[in-house]
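Chemist: Dumping the structure here so I can ask a few things about it.
The values are calculated or read from the model by the stated rules, or taken from the named source; none is laboratory data. Note that the coordinates shown come from a computational prediction; the quantities given were computed from them, not determined experimentally. We place every Cβ from the backbone using ideal geometry, glycine too, and count neighbours over all the protein chains shown. The protein model used for the area step is the full one, side chains on, heavy atoms only, and it has no ligands, DNA or RNA in it. Shrake-Rupley method; radii C 1.70, N 1.55, O 1.52, S 1.80 Å.
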Amino acid sequence: NSILPAAETMLEKNKGFCPFGAVLKGDDTVAMTSVFDGKEFPDSDEAIRDLIASHQKAAQQGEIKASGIVWNGAVMAEGKTVDAIIVSLEHETGYSVAVGKTYKIGMFKKVKLGNLFAQPGNHDVFGSL
């Protein structure tokens, strides 16, 4: 309920965003997470790897119950590649799903969001426990 709306807002305001995350802590509070390598425009793949590593460490230390990482990506829709906000969600119980929304930036740089989609996710954070 927090990570996808935050990504949508950043996309609408800035027409893009760097990968970021959120975790559900042991006390059921949500904390946003990010990584910074000192570059103005960080490499997205590196940022995603660093976020996964950060969330893995927190999971191994028993600090979090769930992990979410969001990035700009591309998916196949209706036979063509389209831009999408992609969110990888994992829970300590082993549940993992990737959800997202396709989007298109049209005239006057207006962002048009598509429908929500979901598919089985990877077990990047809690799978190593």
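Chemist: I'd like the orientation of helix 3-14 relative to the chain: the angle between its Cα long axis and the longest Cα principal axis, in ° from 0 to 90, rounded to 10.
Modeler: Compared with the principal axis, the helix lies near 40 degrees.
Chemist: Highest first, please rank the peptides 75-88, 29-42 by the mean number of other Cβ atoms sitting within 10 Å of their residues. Provide the component values of the computation, followed by the final result.
Modeler: Numbers: 75-88: 15.3, 29-42: 11.1.
By packing density, highest mean first, the sequence is 75-88, 29-42.
Chemist: With every protein chain present, what accessible area does Asp50 have (1.4 Å probe, heavy atoms only), rounded to the nearest 10 Å²?
Modeler: My reading of the accessible area for Asp50 is about 80 Å².
Chemist: Still on this structure: Is the range 78-117 rounded, prolate or oblate when judged by the Cα gyration tensor, a ≥ b ≥ c being the square roots of its eigenvalues, rounded requiring a/c under 1.5 and prolate requiring a/b larger than b/c?
Modeler: Details: a/c = 4.17, a/b = 2.43, b/c = 1.71.
Judged from the Cα gyration tensor, the range 78-117 comes out prolate (a/c at least 1.5, a/b above b/c).
Chemist: Against the longest alpha carbon principal axis of the chain, how many degrees, from 0 to 90 and to the nearest 10, is the axis of helix 44-60 turned?
Modeler: 30
Chemist: Out of every Cα-Cα pair in the range 1-88, what percent are more than 20 Å apart?
Modeler: Across the range 1-88, Cα pairs with separations above 20 Å total 38 percent.
Chemist: Further question: Determine which lysines satisfy two conditions relative to Lys112: a Cα distance under 16 Å, and not lying fewer than 8 residues away in the same chain.
Modeler: Lys112 reaches Lys13, Lys15, Lys101, Lys104.
Chemist: Over the range 35-129, how many percent of alpha carbon pairs lie in each 5 Å bin up to the one with the longest distance?
Modeler: All Cα pairs considered, the percentages come to 3, 12, 19, 19, 17, 15, 9, 4, 1, 0.
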